[in-house]
1. Could you check how many residues of the stretch 120-139 are in a helix (DSSP H, G or I) and of a type in the set (D, E, K, R)?
2. Look through the stretch 366-382, keep the residues that are of a type in the set (Gly, Ala, Ser) and buried (at least 20 other Cβ atoms within 10 Å of the Cβ), and return whichever of them is farthest from the chain's Cα centre (by Cα).
3. Test of understanding: among Ser191, Ser176, Ser236, which residue is farther than 25 Å from Gly104 by Cβ and polar (S, T, N, Q)?
4. Looking at (1) assigned to a helix (DSSP H, G or I); (2) open to solvent by less than 30 Å² (accessible area, probe 1.4 Å); (3) out of contact with any Phe, Trp or Tyr (no Cβ under 7 Å at 6 or more places or on another chain); (4) of a type outside the set (Phe, Trp, Tyr), which is the only condition Ser345 fails?
5. One residue is enough: does the stretch 248-264 have a residue meeting the conditions within 16 Å of the ligand (Cβ to nearest atom), surrounded by 14 or more Cβ atoms within 10 Å (Cβ to Cβ), among the β-branched types (Val, Ile, Thr) and more than 14 Å from Val209 (Cβ to Cβ)?
6. How many of the residues in the stretch 275-334 are surrounded by fewer than 19 Cβ atoms within 10 Å (Cβ to Cβ), in a helix (DSSP H, G or I) and among the basic types (Lys, Arg)?
7. Could you check the stretch 210-269 and list, in sequence order, the residues that are among the polar types (S, T, N, Q) and touching a Cys at 6+ places or on another chain (Cβ under 8 Å)?
8. Considering only residues that are more than 16 Å from the ligand (Cβ to nearest atom) and part of a helix (DSSP H, G or I), look in the stretch 153-198 and name the one that is nearest to Phe230 (Cα to Cα).
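The values are calculated or read from the model by the stated rules, or taken from the named source; none is laboratory data. What you see is a predicted model, and the numbers here were worked out from it, not measured in a lab. Cβ atoms come from the backbone with ideal geometry, glycine included; neighbour counts cover every protein chain shown. Just so you know, the surface numbers come from the protein's heavy atoms only, side chains and all, with ligands and any DNA or RNA stripped out. Shrake-Rupley method; radii C 1.70, N 1.55, O 1.52, S 1.80 Å.
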Amino acid sequence: MCGAETGCQYAQKGFERVRVHLVNPSHVSFEVGVITPRWLYVIAAATPAEFGDPVIVDETLRQIDPATIQAGDIVGIGIHTGNALRGYEVGRAAREAGATVIYGGIHATLYPEEPHEIGGAHAVTKGDGDAVWGEVLRDVKNGTLKRQYDGGRIEGREFLPARWDLMPPDSYMWASVQTLRGCPKHCSFCSVWRTDGQKPRNRTVDAVVGEIVELRRRGFRFIALADDNFYPVPLSDLKMAARRADPTTLNNLTAIRNERFELMARLAKLPDDTVFFTQITMEASEDPEFLAAMKRAHIKGALVGVESVTAEGLKDVYKPFNAYGDELVKRLRAFKDAGIHVLGSFIFGLPSDGPSTFDATAALAQAAGVTFAQFVMLTPFPGTLDFAAWEKTMADDTRRIEGVPITRHWLIPQRSRPKVYTPHPRMTPDEIRDRTQGVWDKFYSLPNVWERSKCVKSLKSRLAFVLISKLYRQMYANTGIATDSARVNRSAQWARVIAKSARRLFVGKPMPDLQIPA
Ligand code: SF4
């Protein structure tokens, strides 16, 4: 039905006037983005030339203007659970305007029927979009669009470089380049290992370095290596594989590890003012050779999933490979001692948490010398083990908020969406939220930020550090935790003002003649 409908539109409209729009939905816009949403520019690269350059709309910058969508256009919307509801609003409006609406992304992969039911979808693509997007567009053109496509998990060598030439100027602080997809771990709150798989799929070193050099030529010197886990082969896995009689696993793991070192050796040859940031597991702290290679490669910061500061909390999230207590402080300090700043990520609301956990976490983050931190409340996200268990316990719960069952919390309008979902044995949802907000407030208080800013040398750098810390807090804490919409709006307004000034601090000089390091 969809195919016939759209094919008919092409016959009337003339294909050459059809435009492809790619939309990254967001209910809050900041005018300036911290990190480029890479998928937009990768799917732009996957758009066959016969469709022309897609119109890219990142709603974290500004909302889409519905008037730009014409009958017969094709609108691709990428959704994760957090922005699915806004994505569905955009999709319905696009369909009303006569466009063909296609959904992709993690959430569409997990719930491929939902965009059809709620979001005005003509088709949904599951899995990696790099290869399948071209096929979808050609099917639209030929009037043979199917209801669902499966892009599967493509190999790393097939990942497409992004179309950075389509990026709006002066809009982002950090560019983003992916070096691999997948994570061998299986944390209970995370869906990455289920959607991207547990086998690391790494891009070729040449492809990664080539894309990074293109970004440096354009003046980006801050680049996020947006991997699921930049450290996919810990020493413990190598030791375990070495004990097996069959050397296949050991050989495979060694090849992946060697490739990481090869990549870092190439990154080390880039200009000295290049700054990379990535995310890794804490196990890297026990691998001084890897940390030293990161430092040489200009990887100056990493998000480390600390999750909990207690042994019970780590058990709650299936993360026994993390440390706790004094050992945790030691491990986090190992990053700092190796010259790598840590953005520690902590979760509150775990079953074993109690009122004392909040202060203990704030104190540990301070003691461990963590440069930045985020404190999130446990949320059962689809695709995770936590969600599956929670959904089961909620089977008899008939409560609805604005007509939406609580187990479909991402469809509850923002204004009424609860911030805590999992009943806690000792704390109320409000207590968890208030205490979490309190930890953000404490960690990012001016005296504490100023003290931490000693990690950079000049006064100008220290002021920049303060600005970035405040921005981080406004963007991620105040707009994410507060339930009061006036506070959310105020914070978003503040974030806009700070973000505009902060962006200038990240701009590098374009280096059009920079050569790809051998
Ligand atoms: S939280 Fe991190 S380490 Fe755990 S499965 Fe997800 S990506 Fe892997």
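1. Residues of the stretch 120-139 that are in a helix (DSSP H, G or I), as a first pass: 132-139.
Now restrict to residues that are of a type in the set (D, E, K, R): 135, 138-139.
Qualifying residue count, the stretch 120-139: 3.
2. In the first step, residues of the stretch 366-382 are kept if they are of a type in the set (Gly, Ala, Ser); the result is 367-369, 373.
Filter once more, keeping what is buried (at least 20 other Cβ atoms within 10 Å of the Cβ): 368, 373.
On the way: Ala368: 25, Ala373: 16 Å.
Only one residue fits best here, namely Ala368.
3. The conditions single out Ser236.
4. So Ser345 meets the others, but not (1).
5. Yes, that holds for at least one residue.
6. Residues flagged as surrounded by fewer than 19 Cβ atoms within 10 Å (Cβ to Cβ), in a helix (DSSP H, G or I) and among the basic types (Lys, Arg) within the stretch 275-334 amount to 5.
7. Step one: of the stretch 210-269, the residues among the polar types (S, T, N, Q) are 229, 236, 248-249, 251-252, 254, 258.
Matches in the stretch 210-269: Asn229 only.
8. Gly156
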